[in-house]
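Every number in this text was worked out from the coordinates using simple rules, so none of it is lab data. All values reported here derive from a predicted model rather than from experimental measurement. Quick reminder, even Gly has a Cβ in these numbers, built from the backbone with ideal geometry, and neighbours come from all protein chains shown.
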Amino acid sequence: MSMSNLVRSGANILMPFILVFGFYIVVHGHLSPGGGFQGGAVIATAIVLLMVAYSCDEVCTSLSKNILKNSETLGLLLFIGTALFALTAGLAFFGNWILDTGPLFATPVAFGINPGNLNTGGIVPVLNIAVGIEVLGAMGLLILAMLGGMKGDGDAE
Amino acid sequence: MIELAIHILLVTGLVISACMVWYMDDLISAAIAFGAFSFLLSLEFLVLQAPDVAIAEAGIGAGLTTAIFVIAIRGTDKKGGDASD
């Protein structure tokens with residue numbers, strides 16, 4: 001049922017690099033190509049690589065279905081909460097209420113070729129991180145449901 | 001000129017890998033050939049100056065879809081289609 005030793009060693013070596021690349025794409029979403037969806041898909045690929053290389057029993061002990069479900073819910077709530085909080089600041093829905101307020105993400109992105117300053121952009125990095133968490137949870141849940149249904153003993157959720 | 005050469009190389013590789021998906025008897029080999037097809041397609045998107053689509057294609061096409069195929073092949077029987085149903 002489980003893969004060979006070569007596949008396991010390759011997955012062990014490759015997984016941290018794929019994770020770091022995914023987080024890089026999510027965090028740099030407002031500056032460079034990519035964003036929440038693409039970065040979340042890349043992070044989910046790292047988790048999926050672990051699930052393919054190891055069997056279901058070894059993976060499901062450390063990564064339960066509830067963790068992924070909760071991360072999906074957390075991402076969606078963070079997204080819509082960020083959008084709704086603009087109403088309390090007197091702006092429109094999805095208004096950029098973080099801009100020019102505090103130390104975090106307060107300055108706008110430079111026009112033209114940007115210098116790569118991460119601490120810019122207002123709510124856009126927050127929305128990117130929220131979408132990244134949501135996509136990571138959804139795609140991991142998809143693969144975990146498929147992996148659990150392999151032996152026919154998956155609880156029908 | 002060099003861009004045209006890269007285009008011709010990538011499209012030739014796409015056709016060859018798509019034919020390999022059809023040609024392979026082993027299902028795992030066919031799934032890996034499909035992953036190579038998606039990887040070449042994402043390189044073609046990158047050459048056509050769509051890096052956003054290229055990252056999405058590399059993450060979902062070459063990563064997640066190949067993993068779903070491998071999990072499905074591992075979970076099923078190879079000779080399952082030979083029965084009357």
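Structure notes:
- Per-selection metrics, chain A (Cα): Rg and Dmax in Å: 18.6, 59
- In order along region B:25-33, phi translates into HN-Hα couplings of 7, 6, 6, 5, 5, 5, 5, 5, 5 Hz, rounded to whole numbers, per the Karplus curve 6.51 cos²θ - 1.76 cosθ + 1.60 with θ = phi - 60° and x for Gly and Pro.
- For peptide B:59-65, the mean count of partner chain Cβ atoms within 10 Å of a residue's Cβ comes to 6.
- At an R0 of 30 angstrom, the distance between the Cβ atoms of B:A18 and A:L63 translates into a FRET efficiency of 0.30.
- Per-residue mean of C-beta atoms belonging to partner chains within 10 Å, peptide A:25-36: 2
- Between A:F111 and A:Y24, the C-beta separation translates, for a Förster distance of 22 Å, into a calculated FRET efficiency of about 0.40.
- Most to least packed among B:32-39, B:12-19, B:53-60 [average Cβ atoms within 10 Å]: B:53-60, B:32-39, B:12-19
- Mean separation of Cα pairs under 8 Å and 6 or more residues apart, divided by the residue count, gives region A:5-148 a relative contact order of 33 percent.
- Distance from region B:1-20 to region A:1-56 (C-alpha centre basis), Å: 27
- Inter-chain neighbour count for B:48-55: the average number of beta-carbon atoms from partner chains within 10 Å of each residue's beta-carbon is 3.
- For chain A, built as a Gaussian network whose Cα springs stay under 10 Å, the top-fluctuating residue of A:V42, A:V59, A:V135: A:V59
- Fewest neighbouring Cβ atoms within 10 Å first, the residues B:H7, A:H30 line up as B:H7, A:H30.
- In this simple spin-label approximation, A:N119 and B:I2 carry label points 7 Å from Cα along the Cα→Cβ vector, and these lie 3.9 nm apart.
- 10 Å beta-carbon shell around A:F37, net charge (K/R +1, D/E -1): -2
- Computed over region B:2-75: relative contact order in percent, which uses C-alpha pairs under 8 Å that are six or more apart: 29
- Applying the criteria of a DSSP loop state and at most 12 other Cβ atoms within 10 Å to the trypsin sites (Lys or Arg not before Pro) of chain B yields B:K78, B:K79.
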